[in-house]
Amino acid sequence: MPRNNRPRRRAADGDGDDENDLSRLLAGWKKVEHRRDGAWNVQPVSAASAVKGYICPGCGLTVAPGVAHLVTWRADGVLGDASDLAARRHWHTHCWRIGG
């Protein structure tokens, strides 16, 4: 019999809102920083969790896989949380600290 690799549905243990569960999980790790251009959510990414490469908007160089860095997105955007989260950027920790 072929193997089924599709994710199984969770047992009914409430509302089953996966997005809400993720938000609660991440809430302990992220913080809000206030800068001249507004409020920003800042979330660290460990070296073990960094599996893709990204372009740092601060220096224009690659944030290589396996390098700890920060993910940032607007905390006070006018288009809503989903839009702000979709526009998140990955920064070298140093580049974020010096202000980009």
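The values are calculated or read from the model by the stated rules, or taken from the named source; none is laboratory data. Quick caveat: nothing in here was measured; it's all calculated off a predicted structure. A quick note on method: Cβ atoms are made from the backbone with ideal geometry, for glycine too, and the neighbour counts reach across all protein chains shown.
Scanning the range 56-89 for residues that are exposed (fewer than 12 other Cβ atoms within 10 Å of the Cβ) and either of a type in the set (Phe, Trp, Tyr) or within 16 Å of Gly99 (Cα to Cα) (or both) gives Gly60, Leu61.
Of the set (1) charged (D, E, K, R); (2) modelled with pLDDT under 75; (3) touching a His at 6+ places or on another chain (Cβ under 9 Å), all apply to Lys52 but (2). If the condition is being in a helix (DSSP H, G or I) and more than 12 Å from the chain's Cα centre (by Cα), then the range 83-100 contributes Ser83, Thr93, His94, Cys95, Trp96, Arg97. For the range 75-88, the tally of residues that are at pLDDT 90 or above and touching a Gly at 6+ places or on another chain (Cβ under 9 Å) stands at 0.
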